[in-house]
Amino acid sequence: MALSSFVAVIGGGPAGLLAAQRLAEAGHRVAVYEAQATVGRKFLVAGHGGFNLTNAEDTSAFESRYGHKQPEFSGFLRHFSPTDLRQWASSLGIDTFVGTSGRIFPLKVHKPADVLRAWVSRLHDLGVAVHTRHRWLGFAGTNGLHLRDDTTGRDFDLFPDATVLALGGASWSKTGSDGRWVAAFEQIGVQSVPFAPSNCGVEVAWSPFFQTKVGRAPLKNIALHCGTQRVRGELLLTEYGLEGTPVYALSACLRAALASSTSALLHLDLKPDLSDGQLVAKLQKLPSSRSLPDFLRQTLRLGPPVYTLLREVAPNELVATPEAFARLLRNVPLPVRALRPLDEAISSAGGVAWTELTEELMLHRRPGTFLAGEMLDWEAPTGGYLLQGCFSTGAWAAHGVIRWLS
Ligand SMILES: Cc1cc2nc3c(=O)[nH]c(=O)nc-3n(C[C@H](O)[C@H](O)[C@H](O)COP(=O)(O)OP(=O)(O)OC[C@H]3O[C@@H](n4cnc5c(N)ncnc54)[C@H](O)[C@@H]3O)c2cc1C
């Protein structure tokens, strides 16, 4: 191997930083160029929402989370698995634990900033140079990169022996993942699939009455359906629609439905732990003298927003038979008119098309340039699958670089 080759990593998110670490550990000289004033801004944002690093789910279920990209991700996850991710954290002094839902988190004593600080310190010890406020502007010549040092305003070209681009997706642009890099890829003829919101809230055309009366209200322990997909969890009713893990997990299904129609239908099961028979039996006890909101609250433990929700979406079915009412509580129709804007989404679908890449994540059009992380066209639900996907593709791209340089 040509030891001490110089590798440029553009983008200081988890995918880029892991690639940098693996390359430095393999003996290469590595420099990270990051447009923002600090690295790992979206990594820190992820930390505020629970910091779910990966998941303890069994391998085949885990791999299936990457949808039609499962075959590719099976390989990436074999190369850098959830166990590897936990060991990586542990090697930085960050212990992890498996939560009740199978999600894997750093122990509470480790704040997100502690994790990032320990990681940057390890990179420093490995000799990785980190240049912040350095924006990649595009490709230069056959293997060069055009950059701007935002501190001095100076533009310059760099000619590394190999490059890893890990520029992120296109949501939460204030963290630096602004998707502006697509134009530079277009200039050299590399196709990207347009970005779309993933793991996002949705819009429902609630009446003004509903918006005022309900505002924001959680619906705990529900199941949500989109077509044949069903997800359990907690839903949040908001003034504009719905938020929460179940709706995020169904964003790909909703996106597909909205692409073929002006609205898409979700179905809400308010009592997923009761059988149909148990639900009907409870509803048969509804005395005609009792108010329905009280009965829902006391007998079915369904709080006030539920009655308002049922009146909003199915006003004519409230005084039906117990059987029909049970069917409604199992299948409350929620017509979704749009996904929330891309910039609000937890992640983005779309990115560089897989046809542009070799198996090792190298651009066909630019030998020596490898890609990793959310800038590639894949999506996965929340639950640790996003960060794991970024770490695994980062490790795999670094592996590709090491082989390519040897
Ligand atoms: C609110 C929120 C909560 C989340 N929670 C979780 C969670 O709990 N678990 C989970 O698995 N995932 C979570 N995620 C998703 C996860 O944070 C992302 O999938 C992950 O950070 C993507 O990593 P990346 O390295 O591909 O890109 P990014 O982290 O987006 O990093 C890309 C970097 O490239 C830099 N960059 C972009 N363009 C240029 C350029 N031209 N020149 C130089 N640098 C550039 C950016 O500034 C950025 O620092 C969450 C995301 C959000 C927004």
Scanning segment 13-62 for residues that are in contact with a Gly (Cβ under 9 Å, 6 or more places away or on another chain) and among the β-branched types (V, I, T), the one most open to solvent (accessible area, probe 1.4 Å) turns out to be T38
Of the conditions (1) farther than 19 Å from G394 by Cα; (2) of a type in the set (A, V, I, L, M); (3) surrounded by 19 or more Cβ atoms within 10 Å (Cβ to Cβ), the single one that L116 does not satisfy is (1)
Exercise. Quick one: would you say S177 is hydroxyl-bearing (S, T, Y), outside any loop (DSSP other than H, G, I, E, B) and on the phi < 0 side of the Ramachandran plot?
Worked result: no
Residues of segment 367-406 being away from the ligand (no atom under 16 Å from the Cβ) and more than 18 Å from A26 (Cα to Cα), in sequence order, are P367
Selection over segment 64-91 where residues are surrounded by fewer than 18 Cβ atoms within 10 Å (Cβ to Cβ) and under 18 Å from E25 (Cα atoms) yields a count of 5
Using the structure shown, decide if T321 is out of contact with any strand residue (DSSP E or B) (no Cβ under 6 Å at 6 or more places or on another chain) and either surrounded by 22 or more Cβ atoms within 10 Å (Cβ to Cβ) or in the same structural domain as L165 (by TED's automatic domain parsing) (or both).
no
- Item | Boolean, L53 is within 16 Å of the chain's Cα centre (by Cα) and within 30 Å of D155 (Cβ to Cβ) | no
Checked A264, A252 against criteria (on the phi < 0 side of the Ramachandran plot and open to solvent by 10 Å² or more (accessible area, probe 1.4 Å)); the one match is A252
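The values are calculated or read from the model by the stated rules, or taken from the named source; none is laboratory data. These figures come from a predicted structure and were not determined experimentally. Note that we place each Cβ from the backbone using ideal geometry, even for glycine, and neighbour counts take in every protein chain shown. SASA here: full protein model, heavy atoms, side chains in, ligands and nucleic acids out. Shrake-Rupley method; radii C 1.70, N 1.55, O 1.52, S 1.80 Å.
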